[in-house]
Structure formats: structure tokens, C-alpha cells
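The values are calculated or read from the model by the stated rules, or taken from the named source; none is laboratory data. All values derive from a computational prediction rather than experimental measurement. Positions of Cβ are generated from backbone atoms using ideal geometry, with glycine treated the same way; all protein chains shown enter the neighbour counts. Areas reflect the complete protein model, heavy atoms only, side chains present, ligands, DNA and RNA absent. Shrake-Rupley method; radii C 1.70, N 1.55, O 1.52, S 1.80 Å.
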Amino acid sequence: MSSQFSKNLTKFRKRCGMTQGQLAARLNVTPQAVSKWENGSLPDTEFLPKISAILGVSIDVLFGLAEDRDAADLEQMITDRIRQTPPNERADVIMQLFYAAASAYNEYKLSVPKYPENLELETYAELKTDYENMIARLNDDLKYFCFLKIPENGVDSYTQATDGMVHLFQTLADKDAITLIHYLGSGYRNRMQSLEYISRQIGMPEKRVKKVMDNLDRLGFVWRVSAEITDTPSLIYGYAHNAPLTCLLVLAKSLTNYIKFHDLYVDTYTHGPFRSEAAEASEPVPQASFWGEADDTES
């Protein structure tokens with residue numbers, strides 16, 4: 001049994017991308033102790049639950065008494081769980097899964113976290129590392145989860161200030177554009193409307209509606225076709241129900257609300273997700289001292 005434990009300890013430590021020293025630091029033991037365990041000796045029983053939690057496997061699996069569920073099994077478990085959940089409840093299950101995954105980045109808390117309930121204040125989960133950015137709103141009135149894997153060369157090449165990006169934000173800076181998006185997004189799929197009809201419904205001049213709709217059309221948020229309903233052909237418009245746009249507006253609202261409360265907050269990054277050559281060529285910024293620390297610049 002000790003031989004099987006040693007073999008599995010090495011296997012699962014390496015699968016987690018950890019060195020003996022890193023595992024030792026998490027357990028508050030010496031690297032020599034971990035080395036001894038991986039070469040035939042057994043740790044004290046008090047360490048077993050901690051090792052199990054850190055490596056993400058059960059104690060039975062560590063001792064070879066049960067089979068490990070590999071990544072494919074985990075994916076199948078998630079798929080089965082979601083398929084077995086009623087459609088109107090799937091979003092809550094997905095939020096719970098995302099929250100648990102993000103919580104794994106908190107290396108100081110070994111227990112499996114529970115998704116917070118009955119939040120009175122607007123509360124977010126936030127993750128900032130050198131490899132990913134994540135923001136999630138946890139409140140029942142509106143939940144979302146946005147996860148970004150940061151490329152090695154940063155996000156600059158994807159988010160540079162192109163004419164399309166500038167046109168997008170110029171359009172969304174127009175209050176009438178937001179009003180029209182809300183109105184169109186409330187309608188049924190494949191619903192086509194004339195400018196005159198939209199104008200009556202929202203009380204906006206028809207000429208103004210056309211200008212904003214044409215801007216939205218150029219961005220792909222709406223689509224227009226020519227219809228011969230009367231003797232005079234006219235344009236009618238449909239809304240694309242654009243998912244990125246919906247997410248963008250929700251994120252924008254969170255951005256305008258200064259985020260004060262976190263249920264989960266992990267901040268381990270050394271530099272941001274952008275990789276501007278000008279910024280990287282600059283010197284590191286001197287760090288301010290903490291209260292009570294001596295400041296060498298003082299006379």
C-alpha cells in the first residue's frame with residue numbers, strides 16, 4: 001500500500017504541475033518530507049486530507065483503492081448533470097460549476113466552496129492572474145460569468161483600435177442606440193418591422209430611427225431587407241439578437257458600478273493582459289511602502 005501511495009503521490013503531484021517544494025510549502029512541511037513519501041514512506045494521517053484536497057483526488061485513489069476519474073470522465077459528468085437539469089435551472093448549475101472552478105485558484109482554502117445565496121449587496125467574483133482574467137456577478141437578479149484566457153502575447157492584437165472598434169463605441173455612446181437595442185431585443189425572433197412602426201412604438205422621429213438603425217446595421221446588430229408591401233418598396237428591419245452585444249452591455253453596466261464587494265477575489269498577476277511594447281520597455285514603477293514601514297527617501 002505504501003508503494004502504491006508513493007507512486008500515486010508522484011503521479012498526481014506532477015499532473016498538477018507542482019514540484020516537491022511547492023507541495024511541501026502548501027502542506028507546511030520540508031521538501032525532504034515529500035521526497036520521503038514519494039520513495040516509500042507514509043505521511044502522518046493528519047496530512048492525508050490536505051494532500052487529497054490539494055491534488056484533487058480522494059484518499060482511496062491515492063492508496064490505489066479506487067480508480068481515478070480522468071478528464072474525459074469529468075467532462076461526461078458535467079454533460080450528464082446539465083442534460084439532467086430542467087432548462088430553466090441550467091444557468092444556475094453552470095454558475096455553480098464556474099464558481100467552483102474559479103475558487104480553485106484560492107490556494108489557501110482547501111475546502112470546496114458553496115455558491116453564495118441570498119446576497120443583499122451587489123457581489124462579484126474576480127480573478128486576475130498572468131494567464132486568465134475572470135469576472136462574475138453572483139446576485140440572483142442577474143448572474144453572469146466571463147472568463148478570458150490571456151494569450152502569451154497579450155490581447156492587444158485582438159482588441160486594437162480598428163475603425164470597427166471605434167465605430168462600435170461611437171454608436172453605443174448614443175443614448176438612442178441603447179434605447180433601440182433594448183426595444184428590438186425585447187421582440188420575438190425573426191420579427192421584421194418598418195421604420196414608421198418602430199418610430200410610433202418608441203416615440204422617436206423616423207429620420208432619427210433610420211440613422212441609428214443604419215449604424216447598427218453596419219455593425220451587424222440588425223439586418224434589413226427591401227419589401228414590396230405597397231406600390232412603393234420600403235426597408236424593414238430585424239434584430240440579430242447578438243449574444244456578444246448583450247454580454248457587452250451587461251459588462252458595461254458592471255463597469256459603471258464601482259465593484260465594492262467580492263465573495264471571491266484572487267489577485268496574483270504581475271502584469272496586465274495587454275502587451276504594449278512601449279509599456280514593456282519602461283522601467284518598473286517604484287512601490288510605495290506600507291504604513292509603519294521605513295521609507296528610505298525620508299530625511
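Taking the Cα centroid of the stretch 118-144 and of the stretch 231-273, what is the distance between the two, rounded to the nearest whole Å?
Taking the Cα centre of the stretch 231-273 as reference, the centre of the stretch 118-144 is 14 Å away.
If amide H atoms are built 1.01 Å from N in the plane of the peptide, which residues on other chains or at least 5 residues away come under 5 Å of the amide H of E132?
I150
Of the peptides 14-20, 48-54, how do they stack up when ordered by the mean number of other Cβ atoms within 10 Å, highest first?
Ranked by mean Cβ neighbours within 10 Å, highest first: 48-54, 14-20.
Using only the alpha carbon atoms of the stretch 1-136, find the Kirkwood hydrodynamic radius as the inverse mean reciprocal pair distance, in angstroms to one decimal. Let's see the in-between values first.
On the way: mean 1/r = 0.0582 Å⁻¹.
17.2 Å is the Kirkwood radius here.
Rounded if a/c is under 1.5, else prolate if a/b beats b/c, else oblate: with a ≥ b ≥ c from the C-alpha gyration tensor eigenvalues square-rooted, which is the stretch 118-165? All intermediate terms of the calculation are to be shown ahead of the outcome.
Working: a/c = 4.23, a/b = 1.94, b/c = 2.19.
In terms of gyration-tensor shape, oblate.
For the chain, what is the calculated [θ] at 222 nm in deg cm²/dmol (nearest 500), taking -39500 (n - 2.57) for each run of four or more DSSP H residues and dividing by its residue count?
Values: 14 runs with 132 residues, N = 299.
Here the helix-only value at 222 nm equals -12500 deg cm²/dmol.
About its Cα centre, how strong a charge dipole does the chain have in debye, to the nearest 20, once Lys and Arg get +1 and Asp and Glu get -1 at the Cβ? Walk me through the numbers before you get to the answer.
Numbers: 31 positive and 41 negative charges, 190 e Å.
In total the dipole reaches around 920 debye.
Tell me the per residue accessible area of the chain using a 1.4 Å probe; a whole number in Å² is fine.
On the way: 20650 Å² over 299 residues.
Accessible area per residue: 69 Å².
Using the charge dipole of the stretch 1-133 (Lys, Arg: +1 at Cβ; Asp, Glu: -1 at Cβ; taken about the Cα centre), state which of W37, S58, T129 has its Cα farthest towards the positive end.
W37
Students often get this wrong, so try it: which of (i) 61, 43, 42; (ii) 82, 45, 34; (iii) 90, 67, 38 is Cα extents along the principal axes in Å as calculated from the structure shown?
Derived directly from the coordinates: (iii).
Using only alpha carbon pairs under 8 Å that are at least six residues apart, calculate the relative contact order of the chain and give it in whole percent. It would help to have the intermediate numbers written out before the result.
Details: 281 pairs, mean separation 46.3, N = 299.
Computed over the chain, the figure is 15 percent.
In square nanometres and to one decimal, what's the mean projected area of the convex hull around the Cα atoms of the stretch 144-285?
Numbers: hull surface 49.2 nm².
Average projection, Cα convex hull of the stretch 144-285: 12.3 nm².
Amide H neighbours of L119 under 5 Å, at least 5 residues apart or on other chains, H built in the peptide plane: list them.
When sequence neighbours closer than 5 places are left aside, the close amide H contacts are D140.
Magnitude of the Cβ-charge dipole of the stretch 196-267, K/R +1 and D/E -1, about the Cα centre, nearest 20 debye?
260 debye
Distance check, please: which entries in K175/K260; K210/K253; K7/K114; K11/K149; K128/K149 exceed 22 angstrom between their Cα atoms? Could the numbers behind the result be given before it?
Details: K175/K260 27 Å; K210/K253 26 Å; K7/K114 32 Å; K11/K149 26 Å; K128/K149 11 Å.
In this structure, K175/K260; K210/K253; K7/K114; K11/K149 lie more than 22 Å apart at Cα.
How many percent of the accessible area of the chain is carbon or sulfur, using a 1.4 Å probe? Show your work: numbers first, answer last.
Details: 10980 of 20650 Å².
It is 53 percent, rounded to a whole number.
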